[in-house]
Amino acid sequence: MAAAGRDIGVSDLARRTGLTKASVYSILTTLETRHVVVRDPDTARYRLSWGLYVLGATVARDSDLLWAARPLLNGLAEATGETVLLGILDEKTVLHLDRAESSSGLRMVANIGRRSPLHATASGKVLLAWQPESVVNRLLDGELRRYSRNTITDPKELLNQLAVVRERGYGGNWQEYEIGLCSIAVPLHDHTGEVVGALTLAGPAQRLTPRSVKRQLKPLSETAESIEKRLGARISLNGSAVR
């Protein structure tokens, strides 16, 4: 379609791709619902739409986040002794873009590209907490799966906790996804003030506890602010990104 440089019909696309007209029409219908193509009702021809631009902008934004965060992750892991994770909201999950592992023999291990549930992780709660209520309701539509005895499965309880996350500025996961593992996370803002990611410390429950939050939160928050500065976040007089 891009190569054609003009609006193009189903028959022409079928000839160019070698697919049947029925297959081409089905694909175009799906792409139209995703705003990747648009159909001209007068000519019944299709052209590329703004959905591709939005998709490309999203990829570019995530690439910027990786560029801004990657040089700082190892330093945070060394300073805290815990595994560091960089995550974004992707569909209805947390997608881990990068990590720096703890040097401790007892540590949390996570693969790049791994997906985690929103309601049972510190990063997921952070990514949810700054979303509009309508978006949160859509993302949490359906049953909240129980992963451990500590998992929050009551939507009202989770919404209350998200309010606490916004108030405190960080989220916690206390063996809610997996027994023996805990994590704390803070949001990452871009230059517009939008939350575009979450920076997480994850480790064994013996070391990462509610009582250790204050000690671990300081280097975590400082690293998050450094990442935000690299992203071009607007900095307020007290040194934190404008929310």
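Taken together, the values in this text are just the output of simple stated rules run on the coordinates, not laboratory data. Keep in mind that what you see is a predicted model, and the values were worked out from it rather than measured. Backbone-built Cβ (ideal geometry, glycine too); neighbour counts: all protein chains shown.
Pull up the cross-link candidates among the lysines for K218, meaning alpha carbon to alpha carbon under 22 Å and not fewer than 8 places away within one chain.
Partners within reach: K125, K229.
Please list, in chain and number order, the residues 5+ apart from V196 or on another chain whose amide H is under 5 Å from its amide H, with Hs placed from the backbone.
L188, H189, D190
Which entry in [x] 1.04; [y] 1.16; [z] 1.21 matches Cα Rg over 2.2 N^0.38 Å derived from the coordinates of this structure?
[z]
Among the GluC sites (Glu not before Pro) within the stretch 72-152, which fall in a DSSP loop and have no more than 13 other Cβ atoms within 10 Å of their own Cβ? Mind dumping the intermediate values first?
Working: sites: E78, E82, E91, E101, E133, E143; in loops: E82, E91, E101, E143.
In loop regions of the stretch 72-152 (DSSP not H, G, I, E or B), the sparsely surrounded GluC sites (Glu not before Pro) are E91, E143.
To the nearest 10 degrees, how steeply does helix 213-231 sit against the main Cα axis of the chain, on a 0 to 90 scale?
On a 0 to 90 degree scale, this one is about 40.
Could you line up V36, V84 from fewest to most neighbouring Cβ atoms inside 10 Å?
V36, V84
With a cap of 16 neighbouring Cβ atoms within 10 Å, and only residues DSSP puts in a loop, list the trypsin sites (Lys or Arg not before Pro) found in the stretch 68-147.
K92, R114, R145, R146
Roughly how tilted is helix 21-33, in degrees to the nearest 10 and between 0 and 90, from the longest Cα axis of the chain?
Orientation of helix 21-33: about 40 degrees from the principal axis.
Going by the alpha-carbon gyration tensor, a ≥ b ≥ c the square roots of its eigenvalues, is the stretch 125-243 rounded (a/c under 1.5) or, if a/c is not under 1.5, prolate (a/b greater than b/c) versus oblate? It would help to have the intermediate numbers written out before the result.
Values: a/c = 2.42, a/b = 1.28, b/c = 1.89.
Oblate shape, in that a/c is at least 1.5 and b/c is the bigger or equal ratio.
Could you please state, rounded to a whole Å, how far the C-alpha centre of the stretch 120-187 is from the C-alpha centre of the stretch 68-89?
Spelled out, the Cα-based centre of one part sits 21 Å from the other.
Which aspartates and glutamates, if any, have their Cα less than 14 Å from the Cα of K156, not counting same-chain residues under 8 positions apart?
By straight Cα distance, K156 reaches E133, D141, E143.
Roughly what angle does helix 51-80 make with the longest principal axis of the chain, taking Cα atoms, 0 to 90 degrees, to the nearest 10?
20
Which whole-Hz couplings ³J(HN,Hα) result when phi for each residue of the stretch 183-189 is put into the Karplus expression 6.51 cos²θ - 1.76 cosθ + 1.60, θ = phi - 60°, listed in order with x for Gly and Pro?
Each residue of the stretch 183-189 in turn: 7, 10, 9, 10, x, 10, 9 Hz.
How about K21: which aspartates and glutamates have a C-alpha closer than 18 Å to its C-alpha, ignoring those fewer than 8 places off in the same chain?
Those aspartates and glutamates meeting the cut-off are D7, D12, E32, D40.
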